[in-house]
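> So that we are looking at the same thing, I have put the structure below in structure tokens.
The values are calculated or read from the model by the stated rules, or taken from the named source; none is laboratory data. Everything numeric here is computed off the predicted structure, so don't read it as measured data. Cβ coordinates were reconstructed from backbone atoms using ideal geometry, including for glycine residues, and neighbour counts include every protein chain displayed. Surface accessibility is based on the protein's heavy atoms, side chains included, excluding ligands, DNA and RNA. Shrake-Rupley method; radii C 1.70, N 1.55, O 1.52, S 1.80 Å.
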Amino acid sequence: PESICYCTQSPQDNAEYVLKKPIKHKDVGKALAMLNLQFKDHESVLAPSVRAGVHVHINVQELNLTQVANLTTLYLVVEDLLLDVCGEGRQSNLFCLKGCEAEVMINQIAQFFKTGQVDYLNNNIRYSGINLAALPKYGSVEFRSLRTPNNIEDIGKWVDTLHHIFKVSREYSTPDKIISGFSGFNPTEFIKKVCPLYADG
């Protein structure tokens, strides 16, 4: 199951909306439609914030360490491209730093995958676009890059993309196969395979 949470702003106040419990990917559309209805009923609006955005957790409790490494690697390979759709203010954002700007995060997760010691997954790496500090706490990998969009549909599209990356990552045996696959693939075809919803954008 996946869980999603994100912050929105109304003219009166700010609010964070968090699912009470994780839901399956197939139920995300229904949950978002229900939330959208509540926004309309209470005349609330989605508004961007430098600090707040959409946070998506993907349950990885049934994955082994290599499979979590595959998911992490595949996301980082396409992260720069994904940030182009995440919205203004998400590039170089201190609350969702991308891998190439978060040396501490890269070093610590590399040590985690090398040693299996969860002490490396601490709050020092929490504010990365992909947050593995959620792993020992919730059994999930958190994705923090998406802005608070102006419409619910963008959230659904983002969740679908992350879920697709999760599924594609299961096709590889090890992270180095992802890297060699990316290097040997036609870049356009690789993006179509990994992020089909954004491939034409």
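> Could you count how many residues in segment 98-109 are open to solvent by less than 50 Å² (accessible area, probe 1.4 Å) and charged (D, E, K, R)?
First, pick out the residues of segment 98-109 that are open to solvent by less than 50 Å² (accessible area, probe 1.4 Å): 98-99, 102, 105, 108-109.
Within this subset, residues satisfying the condition of being charged (D, E, K, R) are 98.
Within segment 98-109, residues that are open to solvent by less than 50 Å² (accessible area, probe 1.4 Å) and charged (D, E, K, R) number 1.
> Out of F182, F95, F112, I need the residue that is in a loop (DSSP other than H, G, I, E, B) and either open to solvent by less than 30 Å² (accessible area, probe 1.4 Å) or in contact with a Phe, Trp or Tyr (Cβ under 7 Å, 6 or more places away or on another chain) (or both). Which one? Full working, then the answer.
Working: F182 fails: in a loop (DSSP other than H, G, I, E, B); F112 fails: in a loop (DSSP other than H, G, I, E, B).
After applying the criteria, what remains is F95.
> Looking at segment 115-156 only, could you name the residues that are open to solvent by 20 Å² or more (accessible area, probe 1.4 Å), closer than 23 Å to L81 by Cβ and not acidic (D, E)?
Y127, R147, N150, N151
> Hey, another quick one. So, in segment 134-189, of the ones that are among the basic types (K, R) and closer than 23 Å to V45 by Cβ, which residue ends up modelled with the highest pLDDT? Break it down into steps so the answer makes sense when it comes.
Looking only at segment 134-189, we keep the residues that are among the basic types (K, R), and these are 137, 144, 147, 157, 167, 170, 177.
The next check asks that each one be closer than 23 Å to V45 by Cβ; those that pass are 144, 147, 157.
Numbers: R144: 91, R147: 86, K157: 94.
The qualifying residue modelled with the highest pLDDT is K157.
Table: residues versus (1) open to solvent by less than 80 Å² (accessible area, probe 1.4 Å); (2) over 20 Å from Y127 (Cβ atoms); (3) at pLDDT 90 or above.
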{"residue": "A52", "(1), (2), (3)": "yes, no, no"}
{"residue": "N64", "(1), (2), (3)": "no, yes, yes"}
{"residue": "V68", "(1), (2), (3)": "yes, no, yes"}
{"residue": "L71", "(1), (2), (3)": "yes, no, yes"}
{"residue": "L83", "(1), (2), (3)": "yes, no, no"}
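> Also, I was wondering about something else. Sort through V78, V56, V28 and tell me the only one that's under 17 Å from L146 (Cα atoms), surrounded by fewer than 20 Cβ atoms within 10 Å (Cβ to Cβ) and in contact (Cβ under 8 Å) with a residue 12 or more places away in the chain. Before the answer, list the steps.
Details: V56 fails: surrounded by fewer than 20 Cβ atoms within 10 Å (Cβ to Cβ); V28 fails: surrounded by fewer than 20 Cβ atoms within 10 Å (Cβ to Cβ).
Result: V78 is the single residue among V78, V56, V28 that is under 17 Å from L146 (Cα atoms), surrounded by fewer than 20 Cβ atoms within 10 Å (Cβ to Cβ) and in contact (Cβ under 8 Å) with a residue 12 or more places away in the chain.
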